[in-house]
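Asks: Take this structure, written in structure tokens, and hold onto it; I'll ask about it next.
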Amino acid sequence: MLTDLISSLPPWGLVEAQMFNGLQQGMLLALISAGLTIIYGTLGVLNLTHGALYTLGAYAGYVAYQATGSFLTAIAAGALCTLLVGLVLERGIIRYYYNRPDEDQIIVTFGLGIIIVEAIRSYFGGMSRNMPAPDWGQGASQLGFLQYPFPLYKIETIAISAIVLLIFYLVLYRTRLGLVVRAGIEDSGMVSLLGVNVFRAFFVVFAIGAMAAGLAGVINAPITAPTPDGGEKFLVYSFVVVVLGGVGSFPGAVVGGLLAGQIMTLTSLFYPSLSEVMLYVAMALILIFRPRGLFGQAGRT
């Protein structure tokens, strides 16, 4: 019986490839979730527009790519578009909900997400849009530690996501802006008495979090073709990742994203029908044994 079980397992080379797929997907989820946890950790806002901002970034990148043929321009366009939309949303609406009940935040951000998605649908229609990988991402690469060639663009998305996450980390933990934000979380009144406009810093943080979602959308567009509803599943996944890693924890978002990527890809290899179910099982176990998540702390961090 043991021999039959072993013989039914997939070859090790395929397992390695799926683990690397999990790394790529995990880095993407970490990037999306980092934006979500930054916003909640600093502002206490449950931002349900995050999935719509992912979609907006993907479509902004698509339009820029169609106009210029440059993938780097597409990345810049997706980031800039969602950054500006984040600024407008925070100044125009979100700032009035900082001290409102959670259910008010959920309703208003959910409604804003619907408006963004339906605006995209009305302009582009409901069909997916094809955005090819850039010339420098075509083909496959034979990595020394993998038995099978791996798509070159997926390798590059891992690197791009890692660079963006590193930049976010440096901004939050190695700059004056990050210091003001983290101090404002603890006691915004005291920081304001010192002459620092902490809410202006919060305004920038919301825009950065929105930009993270847009960047993820355009980076993933050659892998998963943009559709108006494409951001919904990533919104759900990112909330699961935030729960796994710990609400408000930037390192938790990274570790939670990597963990979620491996859970989904490896489960899809052995039990495809359970690939998404196991992610929620992992979340349930975390909530039972460590309710604050892997890196969460009591209260907002």
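The values are calculated or read from the model by the stated rules, or taken from the named source; none is laboratory data. The shown structure was predicted, so the numbers you read here are calculated from the model rather than taken from an experiment. Neighbour counts are summed over all protein chains in view; Cβ atoms, including those assigned to glycine, are modelled from backbone coordinates with ideal geometry.
Asks: Tell me which of these E186 doesn't satisfy, since it passes every other one: (1) outside any loop (DSSP other than H, G, I, E, B); (2) acidic (D, E); (3) at pLDDT 90 or above.
Replies: (3)
Asks: Tell me which residues, restricted to region 48-73, are assigned to a helix (DSSP H, G or I), under 23 Å from E118 (Cβ atoms) and among the aliphatic types (A, V, I, L, M).
Replies: A52, L53, L56, A58, A60, V63, A64
Asks: Let me ask something else. State whether the residues of region 44-66 include one that is farther than 26 Å from E276 by Cα, surrounded by 16 or more Cβ atoms within 10 Å (Cβ to Cβ) and at pLDDT below 90.
Replies: yes
Asks: Still on this structure, I have one more. Taking L279 and the conditions (1) part of a loop (DSSP other than H, G, I, E, B); (2) closer than 27 Å to V117 by Cβ; (3) free of Cβ contacts under 8 Å to residues at least 60 places away in the same chain, which numbered condition does it fall short on, given that it satisfies the others?
Replies: If we test L279 against (1) part of a loop (DSSP other than H, G, I, E, B); (2) closer than 27 Å to V117 by Cβ; (3) free of Cβ contacts under 8 Å to residues at least 60 places away in the same chain, just (1) comes out false.
Asks: Please determine whether any residue of region 118-136 is in a helix (DSSP H, G or I) and farther than 26 Å from E232 by Cβ.
Replies: Yes, some residue in region 118-136 is in a helix (DSSP H, G or I) and farther than 26 Å from E232 by Cβ.
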